[in-house]
Each structure stands twice: as C-alpha cells, then as structure tokens.
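See below for the structure under consideration.
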Amino acid sequence: MITLKSQREIELMREAGKILAECHREIAKLIKPGITTLEIDQFTEKYLAKYGATAEQKGYQGYPFATCASVNDEICHGFPSKKPLKEGDIVTVDMVVNLNGGLADSAWTHPVGIISEETQRLLDVTKESLNRGIAKAIAGNRTGDIGHAIQSYAEGENFSVVRDFTGHGIGKSIHEEPTILHYGNAGKGPRLREGMVITIEPMINAGKWQSKMDKNGWTARTVDGKLSAQYEHTIAITENGPSFITEEV
Ligand code: MF3
Ligand code: CO
C-alpha cells in the first residue's frame, strides 16, 4: 500500500533531512586519506545525538552500524571498518536520520584526495542521473518515468545501472511502497501522487551492472571489481513538483 503523507509529516521529515544534509557536509570535510569509515560512522552517531536525532539504520533488520560506507567496488551496504581510506578511493556514505519520528534517507559519494578524471566522470554522471530522475518525480507521472530517465542518461554515458537495489517509499519506516527502479520503461509502474515521499538513489557502475553479495550478507559489490557510485535524496511529490527533503548536494 502506498501511503500519502500529511503536510505535518512532510515537515517532520524535512527537519530530519536538514540535519542529515548538514551531517553529510561535515563528513565531506573530514574525508581524506588515512581516515577510516568506522571513524566516520562514530562521528555520525555523535553528530546526530547532538541534535536529538538517531541513526535509523542501526538495528534495522539487524544492520549493525549508523551508516553504510561503501568503498570503490562496493555498491551499497558496506560495513564501516578500521581500514584507512587512501588517495584516489571513492566512498559512498548512506544514512537514514530519525528526528522525532520523521525519517530522511540520503547518500553521497565522496572522493578521497585526488581522484582520476574517469572516476570524477563517474561521480558527475551519477549525480546528474539522480537529478534527471528527480526531475521526473512529478504528480501524474509514473515511477517508470524516473527509472527511464536515469537509465537512458547513464547508459548513454557508457556506465551501467545497478538492478538489484532500488529506491523506495519512506515514511514511518525506511522502506515503504512504491519501489523506485532506476531503470525501465517510461509510462510504466505506479502513478506518482501529491503527498508521496520517495527515495531516488541510483547506483551507477563503471563496468557491468551485476552485483555479488559479501559473506557478511549485507555488502554488495560489482562482479568485475570496477567502481560503483551513488547519490540519494529523499523527495516529496508536491503540487509545485519534486521537493528535496534532504537538500540538494
Ligand atoms: N539507505 C539505505 C537504503 O535505502 C538503507 C538501508 S537500511 C540498512 O537501502 F540497514 F541497510 F542500512
Ligand atoms: Co534509501
């Protein structure tokens, strides 16, 4: 069932989204060669606590950390670790913030130090593919319009779109209906309506789209060992079009 959110619920989510966006900006300043993703995770927990917010991912279906930290060929749900990041890496930090029951979900991929031109292109295309998806998050459109916009752009840039993980509705819990595919056909899927709140979170690969699962049962990585990037925003469908809950990157 797809639930429509009231103005008040959307406001609560927006408050969570502000803290989340600010936390991402602080993390961006911290990331440099030598820092570990476990340090970033601990920073995040403390940062959220300072604002009376909590990390909704921690304990969600048994997930053990406040953030997901996916490095290089890791697509998503990477476990924060004690391994230092090194120059030229990329790391996707994904988190869901809960403030007074309002949830917001957003991921950014950060460069570590200086990255290659081709890696920068992957980041730029991933961010642009998210923005093209968001532009289709309009009442009256269908979910497939979002996926089609993302896939046609990303593949046109010679990258591939991960199929095994999707965007989703979000509200009282992290994952609600509808499922938002980042690929597929325009004009297909459920119709978007005012009051729906969804995430759009394309994971774009430098090589093949297929993923494989680590032994930890959570972390997905690319089958060919090539890089994967992701940007995610929580978006409300409003009478004025798509509205950022988690603030533009
Ligand atoms: N932001 C992540 C997603 O949309 C949340 C995953 S829940 C977790 O998939 F428990 F895996 F962290
Ligand atoms: Co999400």
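Summary table below
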{"read-out": "Every residue from the range 173-217 that is within 14 Å of ligand 2 (Cβ to nearest atom) and farther than 23 Å from residue 124 by Cβ", "value": "173, 174, 175, 176, 177, 178, 179, 197, 198"}
{"read-out": "Elements of type strands (runs of 3 or more DSSP E) contained in the range 7-114, each with 1 or more residues being over 21 Å from residue 225 (Cα atoms)", "value": "90-99, 102-111"}
{"read-out": "Flag for residue 191 being touching a strand residue (DSSP E or B) at 6+ places or on another chain (Cβ under 6 Å), open to solvent by 60 Å² or more (accessible area, probe 1.4 Å) and either of a type outside the set (A, V, I, L, M, F, W, C) or modelled with pLDDT of 95 or more (or both)", "value": "yes"}
{"read-out": "One residue from 66, 53 being within 16 Å of ligand 2 (Cβ to nearest atom) and hydrophobic (A, V, I, L, M, F, W, C)", "value": "66"}
{"read-out": "Flag for residue 101 being at pLDDT 95 or above, out of contact with any Gly (no Cβ under 6 Å at 6 or more places or on another chain) and either near ligand 1 (Cβ under 10 Å from one of its atoms) or closer than 18 Å to residue 221 by Cβ (or both)", "value": "no"}
{"read-out": "Filter result (open to solvent by 60 Å² or more (accessible area, probe 1.4 Å), within 16 Å of ligand 1 (Cβ to nearest atom) and in contact (Cβ under 8 Å) with a residue 24 or more places away in the chain) within the range 175-188", "value": "177, 179, 181"}
{"read-out": "Residue count, the range 141-174 (criterion: within 15 Å of ligand 1 (Cβ to nearest atom), under 18 Å from residue 227 (Cβ atoms) and in contact with a Phe, Trp or Tyr (Cβ under 8 Å, 6 or more places away or on another chain))", "value": "2"}
{"read-out": "Test: residue in the range 207-218 that is in contact (Cβ under 8 Å) with a residue 40 or more places away in the chain and closer than 25 Å to residue 20 by Cα", "value": "yes"}
{"read-out": "Search result, residues across the range 202-243 that are within 18 Å of residue 109 (Cβ to Cβ), over 17 Å from the mean Cα position of the chain (by Cα) and basic (Lys, Arg)", "value": "226"}
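Quick grid of which residues meet (1) under 30 Å from residue 50 (Cα atoms); (2) of a type in the set (Val, Ile, Thr):
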site	(1), (2)
96	yes, yes
113	yes, no
126	no, yes
144	no, no
170	yes, yes
173	yes, no
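A quick yes/no check of all residues on (1) among the hydrophobic types (A, V, I, L, M, F, W, C); (2) touching a residue at least 12 places away in the same chain (Cβ under 8 Å); (3) surrounded by fewer than 19 Cβ atoms within 10 Å (Cβ to Cβ); (4) more than 21 Å from residue 120 (Cβ to Cβ):
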residue: 3; (1), (2), (3), (4): no, yes, yes, yes
residue: 16; (1), (2), (3), (4): yes, yes, no, yes
residue: 44; (1), (2), (3), (4): no, yes, no, yes
residue: 52; (1), (2), (3), (4): no, yes, yes, yes
residue: 77; (1), (2), (3), (4): no, yes, no, yes
residue: 80; (1), (2), (3), (4): no, yes, no, yes
residue: 83; (1), (2), (3), (4): no, yes, yes, yes
residue: 95; (1), (2), (3), (4): yes, yes, no, yes
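The values are calculated or read from the model by the stated rules, or taken from the named source; none is laboratory data. None of these values were measured; they are calculated from a predicted model. Neighbour counts run over all protein chains shown; Cβ positions are idealised from the backbone, glycine included. Heads up: the accessible areas ignore ligands, DNA and RNA and are worked out on the full protein's heavy atoms, side chains in. Shrake-Rupley method; radii C 1.70, N 1.55, O 1.52, S 1.80 Å.
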